[in-house]
1. Can you work out ³J(HN,Hα) from phi for every residue in segment 195-201, in order, using Karplus 6.51 cos²θ - 1.76 cosθ + 1.60 and θ = phi - 60°, giving whole Hz and x for Gly and Pro?
2. What Kirkwood radius, in Å to one decimal, follows from the Cα pairs of segment 82-217?
3. So between ALA111 and ARG63, what do we pick up on full extension, going 0.36 nm a residue minus the alpha carbon distance?
4. Between LYS275 and THR233, how high is the FRET efficiency from 1/(1 + (r/R0)^6) when r is the Cβ-Cβ distance and R₀ = 25 Å? Nearest 0.05.
5. Under a Cβ-only charge scheme (Lys and Arg +1, Asp and Glu -1), can you give me the dipole magnitude of the chain about the Cα centre, in debye to the nearest 20?
6. Return the distance in nm (one decimal) between the two label points of a simple spin-label model at ASP55 and ILE103, each offset 7 Å from Cα along Cα→Cβ.
7. Using θ = phi - 60° and the Karplus curve 6.51 cos²θ - 1.76 cosθ + 1.60, what whole-Hz ³J(HN,Hα) does each residue of segment 29-36 get, with Gly and Pro shown as x?
8. Along the positive direction of the dipole of the chain (beta-carbon charges: Lys, Arg +1; Asp, Glu -1; about the Cα centre), which of GLY38, GLN179, VAL106 reaches farthest?
Amino acid sequence: MAILVNEQSTVVVQGITGREGMVRTRLMTEYGTRVVAGVTPGKGGQDVLGVPVYDSVEEAWERTGPLDVGVIFVPATLVKDAALEAVAAGVKLVVIVPDRVPILDVLEIAAFAEKHGARFVGPNTLGLVSPGKAVLGMIGGRAERAREWFRPGNIGVTSRSGGMTSAISYYLTEAGLGQSTIVHVGGDVVVGLSHPEIVSLFQEDEQTDLIVMFGEIGTTQEERVADLIEAGTLTKPVIAYIGGKAAKSGTRFSHAGAIVEGTRGSHASKVGRLKEVGVHVVDSVADIPAVALKLSGAGGEKQ
């Protein structure tokens, strides 16, 4: 099945006529994603790569039919309006690619999405991909690379690092191990679907047998995954790598979401907690494929 997106998902790209919107629409359409509409206010009536452009998400919905996913490529200051517009129109999953979105805006998006039964990934995300089915956002860069790096299979990948999202999946593919869905949850302090929500979706997904998690210092996402395991609601095997071992308290590692305050969210606390509940914590990202190969059920391809 994969999670969040498949080959049947209908997608609207908000900000499609901008440079990023155009480039990433090419990636998504060439990969096979069903991008059925684009939205840029004042640019209705145009088309981008054969995708019709409308002035609003509501108009796009009326003209093309129900829209499952909205992918946002607009300046950070406009993200809140774009996300609220998509959710208000009926879109149930929004992928917020831009970074530097104000935290208060993200909190408002979260409250509005919850009220309307919608979810969002990001902000500051490369997006996600269900190999062989669809790409959302900019993960993979180009369609031919995405097809080469990501292989259909039964390993779910969730990551807080954009670069490592692709790298881990590539290493798994090189080892002959396929992935069900690969999600970059986003690098900011406040995000929509975080590690605990993503692993819970993998737990429910019949295609996913094994979960790989790239974590970092800062926030409590990884500790909350451990809580799920301890509670018995997450039973599938998990392999984890935690970045930021050398970071000192009060310093930022990589991006806004990776910062240690005191002992909360530290490398040691995360690793200790994950090991305590039986997670296979590795010392190097390069070790992930070998551990995955040893775990039962890893690598078999499922459609």
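Just so it is clear, none of the values below were taken in a lab; they were calculated from the coordinates. In this text the structure is predicted, and so the values were computed from the model without any measurement. All Cβ positions, even for glycine, are placed from backbone atoms using ideal geometry, and neighbour counts span all protein chains on display.
1. Values per residue, Gly and Pro as x: 3, x, 5, 5, 5, 5, 5 Hz.
2. 15.0
3. Numbers: separation 48, 0.36 × 48 = 17.28 nm, distance 2.82 nm.
Between ALA111 and ARG63, full extension yields an extra 14.5 nm.
4. Details: r = 19 Å, r/R0 = 0.76.
In this case the efficiency is close to 0.85.
5. Numbers: 28 positive and 34 negative charges, 121 e Å.
That gives a dipole near 580 debye.
6. Distance between label points: 3.8 nm.
7. 5, 5, 6, x, 5, 7, 7, 9
8. Going by the Cα projections, it comes out as GLN179.
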